[in-house]
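The values are calculated or read from the model by the stated rules, or taken from the named source; none is laboratory data. Everything numeric here is computed off the predicted structure, so don't read it as measured data. Because the Cβ atoms are built from the backbone with ideal geometry, glycine has one as well, and the counts that use them run over all protein chains shown. Note: accessible area is taken over every heavy atom of the protein model, side chains too, but ligands, DNA and RNA are not part of it. Shrake-Rupley method; radii C 1.70, N 1.55, O 1.52, S 1.80 Å.
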Amino acid sequence: MNIILFGPPGAGKGTQADNIVKSFDLFKFSTGDLLRKAIRNNTDLGRKIKSLMEEGSLVPDSIIDNLITKILSDKKYYNRLIFDGYPRNLDQAKNLDKLLNNYNQKISCVLNLEVNKDLLLKRILGRLICTKCGSIFNKYFKPQTNINHLCGNNSLIKRSDDNEKTLINRYATYLDKTLPILNYYKKLNLLHEINGEKEIDQIFEEIEAIIASLEA
Ligand SMILES: [Zn+2]
């Protein structure tokens, strides 16, 4: 069972990935994790990645391939992978198929969490954090009241990096890059669209059902 998980920022992809890892005993990989691990290990490759990232350059696909190959060739991870935030473009997706094939594996399913843009904006822009007790509220979905929160309104703040323009750009970039990849997997009959607007538990039930149907 090798799974790819897609979803825009704020869709709860990380939470669902963690749930899948726990329930199905898989290993999660994101390119970010792989790059950070390589840097930590301080190998030649790690040092090269570090200098690329420090100068703000994109890490080339060849390096990503190299890191992915290491995972695929490791027996511990055989057919137990969940990719989060990878592949990032169509070339990487096609190449991943080749690499998997080299190690006698394939992608079992691709799960795409769909969440409408307005809802994502409300989820992120509505978020309020209490500086006193650390509680998290949402202006739209979970407003603070004098019953659920005793510190009062004055200690609630918004995260400064959550502004609407940045979020809209991030969402547009995500769709731009991800749609061609989703179409690719759709043609291969691997794509499962999941309504990411439901409750976390409901979403996970849907995911479990899909994975169970593949294992049957
Ligand atoms: Zn508080």
Worksheet item: Taking only pairs six or more apart or across chains, which ones have beta-carbon atoms under 8 Å, a first residue in the stretch 128-141 that is under 15 Å from Gly152 (Cβ atoms), and a second residue that is among the charged types (D, E, K, R) and more than 10 Å from the ligand (Cβ to nearest atom)?
Response: Leu128/Lys139; Leu128/Lys158; Ile129/Lys158; Ile129/Arg159; Phe137/Arg127
Item to complete: Scan the stretch 111-118 and give yes if some residue there is in a loop (DSSP other than H, G, I, E, B), more than 15 Å from the ligand (Cβ to nearest atom) and touching a Lys or Arg at 6+ places or on another chain (Cβ under 9 Å), otherwise no.
Response: yes
Discussion item. Anything in the stretch 119-153 that is open to solvent by less than 60 Å² (accessible area, probe 1.4 Å), in a strand (DSSP E or B) and within 13 Å of the ligand (Cβ to nearest atom)? List them, or say none.
Written reply: Leu128, Ile129, Cys130, Phe137
Worksheet item: Restricting attention to the stretch 22-36, which residues are open to solvent by 40 Å² or more (accessible area, probe 1.4 Å), assigned to a helix (DSSP H, G or I) and out of contact with any helix residue (DSSP H, G or I) (no Cβ under 8 Å at 6 or more places or on another chain)?
Response: Lys22, Asp33, Arg36
Discussion item. I'd like the full set of residues that are assigned to a loop (DSSP other than H, G, I, E, B) and either small (Gly, Ala, Ser) or open to solvent by 60 Å² or more (accessible area, probe 1.4 Å) (or both), limited to the stretch 1-21.
Written reply: Gly7, Gly10, Ala11, Gly12
Worksheet item: Hey, Ile157 hits all of (1) open to solvent by 70 Å² or more (accessible area, probe 1.4 Å); (2) farther than 30 Å from Thr131 by Cα; (3) among the hydrophobic types (A, V, I, L, M, F, W, C) but one; which does it fall short on?
Response: (2)
Worksheet item: Quick one: which of Lys50, Lys22, Lys28 is under 19 Å from Ile107 (Cβ atoms) and basic (Lys, Arg)?
Response: Lys28
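Would the stretch 185-192 turn up any residue that is of a type in the set (Ser, Thr, Tyr), open to solvent by less than 70 Å² (accessible area, probe 1.4 Å), more than 16 Å from the ligand (Cβ to nearest atom) and within 30 Å of Cys109 (Cβ to Cβ)?
Scanning the stretch 185-192, I find at least one residue that is of a type in the set (Ser, Thr, Tyr), open to solvent by less than 70 Å² (accessible area, probe 1.4 Å), more than 16 Å from the ligand (Cβ to nearest atom) and within 30 Å of Cys109 (Cβ to Cβ), so the answer is yes.
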Fill in: Residues located in the stretch 180-204, provided they are on the phi < 0 side of the Ramachandran plot and out of contact with any strand residue (DSSP E or B) (no Cβ under 8 Å at 6 or more places or on another chain)
Pro180, Asn183, Tyr184, Lys186, Lys187, Leu188, Lys198, Glu199, Ile200, Asp201, Gln202, Phe204
Item to complete: Could you please find all residues in the stretch 157-187 being without any contact (Cβ under 8 Å) to a residue 60 or more places away in the chain and among the hydrophobic types (A, V, I, L, M, F, W, C)?
Response: Ile157, Ile168, Ala172, Leu179
Worksheet, complete the sentence: Selection from the stretch 93-127 of residues without any contact (Cβ under 8 Å) to a residue 40 or more places away in the chain and polar (S, T, N, Q) yields Asn95, Asn101, Asn102, Asn104
Practice prompt. Could you tell me which of the residues Gly10, Gly32, Gly14, Gly56 is farther than 24 Å from Asp97 by Cα and touching a residue at least 24 places away in the same chain (Cβ under 8 Å)?
Written response: Gly10
Worksheet, complete the sentence: When the stretch 72-105 is checked residue by residue, the ones that are open to solvent by 40 Å² or more (accessible area, probe 1.4 Å) and of a type in the set (Gly, Ala, Ser) are Ser73
Worksheet item: Is it the case that Lys165 is under 25 Å from Leu35 (Cβ atoms) and in a helix (DSSP H, G or I)?
Response: no
Worksheet item: Looking only at residues in the stretch 154-184 that are more than 12 Å from the ligand (Cβ to nearest atom) and of a type in the set (Gly, Ala, Ser), which one is nearest to Glu114 (Cα to Cα)?
Response: Ala172
